[in-house]
Amino acid sequence: MTNTDIKIFGGSSGKSFAQKMCDYIGIEIGKSEVLTFSDGNIFVKINETVRDHDVYLVQPIGLKPNDEFTEILFWMDAFKRASANSVTAIIPYFGYSKGDKKDEPRVSIRARVCAECMELAGADRILTMDLHSPQIQGFFKKPVDHLFALPILCDYVQNMKIEDLVVVSPDVGFAKVARNFATTLQVPVAIGDKMRKSHDEKAKVLEIIGDVKGKNALIVDDFSISGGTLVDLAKGLKERGANKIYAALSHLMLSKAAVEKLENSPIELVIGTDSVENKATLSKKIRTISVAPLFAEAVVRIHNRESISSLFDTTPHKFNRK
């Protein structure tokens, strides 16, 4: 197989990301269109033949999760009805991965429902990054390739050459990933003790475990919406003698209000990826790094039946297809 055999299409929220992937590989983006009628109905159409082709549909489930998820189902169905050989759903950010368990009575395990629906609609494979809960891969019967933003983010941080750095996890649940960041950067780790009482996206940082006095801190997390935890943790770090404070997020889901909150916070810079196209994050305090080359490299290797295990390493990746 050659790279020119690859057909990558972009959904309504994945067109820009898909174009970056195609630029990396050196191919044209697939011709397609999406219409949303006045009553909210979504219409998708493939404008080129995909018969007997392996196709890849890029669509994050991010800022408009219900519409974006529904659109994925329609795309899967359209590609299958157009006789595509296989269809891979590329979901840089899987928003419903937060619904990974039944931890209270009478609630839905939303991620499992999404997984089953996408497979029933025709998805043969899922390619995603930094799921909120990695065990969600087990909700799928089809193969799931789970990429990580850590190498890309760490490479950027290393190039910043920050001295006396300590990696800070916002809570105990993210401590394992924070430890991976710290190991890659060869620095110590500290942990915030966070408590959440309800589903209102507000959490309170109660304590910080670890030595941060006189150090520069890097808060790491998979995403933030309200920015509350980041700002509270940054204030707590300052109170405990930390110097400059930075943050690294896999997904920049920050709202406009959150960005304003960050701009008035002790945080010097937030580093994140373009897994979601979020215009609210246009700020001098936010730096967006593209992970499209990482996804494109994975697609090339999947398409050519090559191993992608090296892409799961924490070692910073260097890509250069063209």
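What's the FRET efficiency of N85 with E239 using the Cβ-Cβ distance as r and R₀ = 51 Å, to the nearest 0.05? Here the calculated transfer efficiency is 0.30.
The F312 and Q186 beta-carbon pair, evaluated with R₀ = 30 Å, returns a calculated FRET efficiency of approximately 0.90.
Remark: the range 146-163, residue by residue, has Karplus-estimated 3J(HN,Hα) of 10, 8, 10, 7, 3, x, 5, 5, 5, 4, 5, 5, 4, 6, 6, 6, 7, 8 Hz, where x stands for each Gly or Pro and the curve is 6.51 cos²θ - 1.76 cosθ + 1.60 at θ = phi - 60°.
When the chain is described by a simple charge dipole with +1 on each Lys and Arg Cβ and -1 on each Asp and Glu Cβ, the residue from V87, L218, F139 located farthest towards its positive end is L218.
Here the Kirkwood formula puts the hydrodynamic radius of the range 1-58 at 12.2 Å, using every distinct Cα pair. For the listed residue pairs K161/K244; K176/K261; K101/K176, the alpha carbons are over 24 angstrom apart in K176/K261. Given R0 = 25 Å, the distance between the Cβ atoms of D103 and V172 translates into a calculated FRET efficiency of 0.95. Does the range 134-198 come out rounded, prolate or oblate by the C-alpha gyration tensor, with a ≥ b ≥ c the root eigenvalues, rounded set by a/c under 1.5 and, if not, prolate when a/b is larger than b/c and oblate if not? Taking the square roots of the gyration eigenvalues as a ≥ b ≥ c, the range 134-198 is oblate. Using the reciprocal of the averaged 1/r over all distinct C-alpha pairs, how large is the Kirkwood radius of the range 74-219 in Å? Here the Kirkwood hydrodynamic radius works out to 17.8 Å. With N as its number of residues, the chain has a Cα radius of gyration that, divided by 2.2 N^0.38 Å, comes to 1.02. Under the convention that each Lys and Arg Cβ holds +1 and each Asp and Glu Cβ holds -1, the size of the dipole of the chain around its Cα centre is about 360 debye. Of all aspartates and glutamates in the structure, the ones whose alpha carbon falls short of 17 Å from that of K31, not counting any fewer than 8 places away in one chain, are D5, D23, E48, D52, D54, E71, D77.
Within the range 8-62, which trypsin sites (Lys or Arg not before Pro) sit in a loop by DSSP and count at most 12 neighbouring Cβ atoms inside 10 Å? Listed in order of number, the matching sites are K31, R51.
In this structure the amide hydrogen of V168, modeled in the peptide plane, comes within under 5 Å of the amide hydrogens of A190, L218, I219, V220, none closer than 5 places in sequence on its chain.
What residues from the range 255-291 fall in the zone where the backbone N is under 20 Å from a label point 7 Å along the Cα-to-C-beta line of N159? Backbone N within reach: 268-276, 282-291.
Here, each number is a calculation from the coordinates, and none is a lab measurement. Not measured: the values here are computed from a predicted model. Methodologically, a virtual Cβ is constructed for each residue, glycine included, from the backbone with ideal geometry; neighbour enumeration extends over all protein chains shown.
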